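Before any comments, here is the structure.
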Amino acid sequence: MTKKLNYLLSLSVILGLGDFYHSNIVKAQSVVDSQTMAYDSDSNSMSQINSVSQLRDVSPTDWAFEALRSLVERYGCIVGYPDRTFRGNRALSRYEFAAGLNACLNSMERLIQEGTTVIKEDLEKLKALAKEYEVELATLNTRINNLEGRITFLEDNNFSTTTTLRGENIIVFSGVGGNETAALGVPKNTPINDGQITANYRTRLDLNTSFTGEDLLKVRLQMGNFYFARGGSNLTDFNFSAGGENNTALNKVQYSFPVGDRLKFWLAGIKITLDDISDPLSPYTSDFATGSVAFFPSLAPIYLMNDYEGPGVGAYYDITDKLNIGLLYSALNGSNPESGNGLFNGKYNIAAQLTYKFDGNTGIAFAYARDYSGAGDLQDFSLLGYTGVANTDDPFDGNAASSDHYAVIGSWQISPRFNISGWGMYTYSKAEGGLRSGDYADIWNWKVSLAFPDLFKEGNLGAVSVGSPPYAGTLTNKNNVSTDIVATKDTPFLVETFYMFRLTDNISITPAFWVGINPANNRDSLYVGALRTSFTF
């Protein structure tokens, strides 16, 4: 750096500008690109102009033509634009020209370093220009000093040079209504005892760290105070529900990194789900802060079956620019070394998704998952992530089970203001031991969402979702074991509508209403009204 300053000082002496250039141009050089600059009004980017013929609207009749030609073709340092026009038909900022003048000084400095002769006539031109733009160069120097001061302040007070903090806080007022609870083992016409209007919240803080600029270490802290299955049914749960009685806990610890241009890996100490890796194709319903308020319509259950805090690994590969595949392995008790647990002997989930993206929010995907749950595991975490009616949580009364899941997911952005998305999914689950050994369940679910971005106002969102939450249409009981968990006779449905009103870029309010029809066999519908307020930062 000292050597470079000496060259600039030498150049200043040659130009006869003395201390003025030393105090103003040299300092400007440290923050202004030393190569030729071309300003793009759309991207604020600078690009090199190599020949005067590239500046389409500069003609021999322009007073500056000869200066442009000599500087561009000899030193490659004049200011031009990516569309190859000098835009002489509009006022050119004197500060833009001053920056360009500094770039020319840098180009000449480079030539002097290389031993190339700089024509005296051109030096005289620059001397005259520098005198003409003395005020602008001084102002540029002041701006640079201010910028350097701000940068120094940010560096001194920055939380980390590698880590950023992202936060989300959701507060919801809600109430559950209906003629009776849908809880298992409770007589019909039993009133709902947990439907009062409440205020609940969930807060997440993500610490995102990158060591190379391409990798990502995500550490998430979460706290919340939601109650689950109000009215005796999963159909009343929220997209963003989180329990914990206000306790703060690690909710995700995950590291991802690329290998080449097409391959990426994930290592998770706490929690990894298929939608961390592959696109769930639910562009307007899956977001916690702005999407569906109800849980089931948010995204397909195949992404939620392993939404537990176990470790896992994942991989993503771009087969082509439009076709990609995602792979996942996770274990509920993978950190537990006791017998029947660990990464490979307890509950595990293997999943894969093949996705074809046509463009933007339009695509189709085929997903498959295989999981095994040991005895009692489904009492710790539901087979389908608590998205369906009660007979899909633990179909075989705590016995071990293996399951295969198949899903077709799609999204079609018909216009900028209209999107249709949804899925169809089938699960075959089989009991692997105990009194229910050999029993099986056929479990179905589907959903269609109509989304209206920018409805009534830019940035807002309206949506309607209709679907059938997971239900076991077939559930055998070969040994006639006494149980309240039986096959579904009355197909359940869920209908939700919400309107997200964006107050600012970081604050939104969303009123929502949904109804769960046939939440259990021979049970009346449940109704949920909610008002969500979301803050992101």
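The values are calculated or read from the model by the stated rules, or taken from the named source; none is laboratory data. All figures in this text were calculated on a predicted structure; none of them were measured in a lab. Cβ sites come from the backbone with ideal geometry, for glycine too, and all protein chains shown count toward neighbours. Accessible surface areas use protein heavy atoms only, side chains included; no ligands, DNA or RNA. Shrake-Rupley method; radii C 1.70, N 1.55, O 1.52, S 1.80 Å.
Given the criterion of a type in the set (A, V, I, L, M, F, W, C) and free of Cβ contacts under 8 Å to residues at least 24 places away in the same chain, identify the matching residue among VAL259, VAL313, VAL293.
VAL259
For GLY385, work out the one condition from (1) modelled with pLDDT of 95 or more; (2) open to solvent by less than 20 Å² (accessible area, probe 1.4 Å) it doesn't fulfil.
Status for GLY385: all satisfied but (1).
Against the definition (open to solvent by 40 Å² or more (accessible area, probe 1.4 Å) and either more than 30 Å from ASP276 (Cα to Cα) or at pLDDT below 80 (or both)), how does THR212 come out, yes or no?
no
Does PHE295 satisfy being open to solvent by 20 Å² or more (accessible area, probe 1.4 Å) and either modelled with pLDDT of 95 or more or of a type outside the set (Asp, Glu) (or both)?
The answer is yes for PHE295.
Please tell me if VAL464 is part of a strand (DSSP E or B) and β-branched (Val, Ile, Thr).
yes
Hey, TYR227 hits all of (1) closer than 22 Å to LEU299 by Cα; (2) without any contact (Cβ under 8 Å) to a residue 40 or more places away in the chain; (3) open to solvent by 40 Å² or more (accessible area, probe 1.4 Å); (4) touching a Phe, Trp or Tyr at 6+ places or on another chain (Cβ under 8 Å) but one; which does it fall short on?
Tallying (1) closer than 22 Å to LEU299 by Cα; (2) without any contact (Cβ under 8 Å) to a residue 40 or more places away in the chain; (3) open to solvent by 40 Å² or more (accessible area, probe 1.4 Å); (4) touching a Phe, Trp or Tyr at 6+ places or on another chain (Cβ under 8 Å), TYR227 fails exactly one: (4).
Working only within the stretch 467-500, note down all residues that are open to solvent by less than 30 Å² (accessible area, probe 1.4 Å) and in a strand (DSSP E or B).
GLY467, SER468, PRO469, PRO470, ALA472, LEU475, LEU494, GLU496, PHE498, MET500
Report whether or not LYS357 is farther than 17 Å from TYR308 by Cβ, in contact with an Asp or Glu (Cβ under 9 Å, 6 or more places away or on another chain), in contact (Cβ under 8 Å) with a residue 24 or more places away in the chain and part of a strand (DSSP E or B).
Yes; evaluated as a whole, the condition is true for this residue.
Being surrounded by 17 or more Cβ atoms within 10 Å (Cβ to Cβ), in contact (Cβ under 8 Å) with a residue 24 or more places away in the chain and either within 23 Å of the chain's Cα centre (by Cα) or farther than 30 Å from GLN413 by Cα (or both) is the requirement here; does ILE197 meet it?
no
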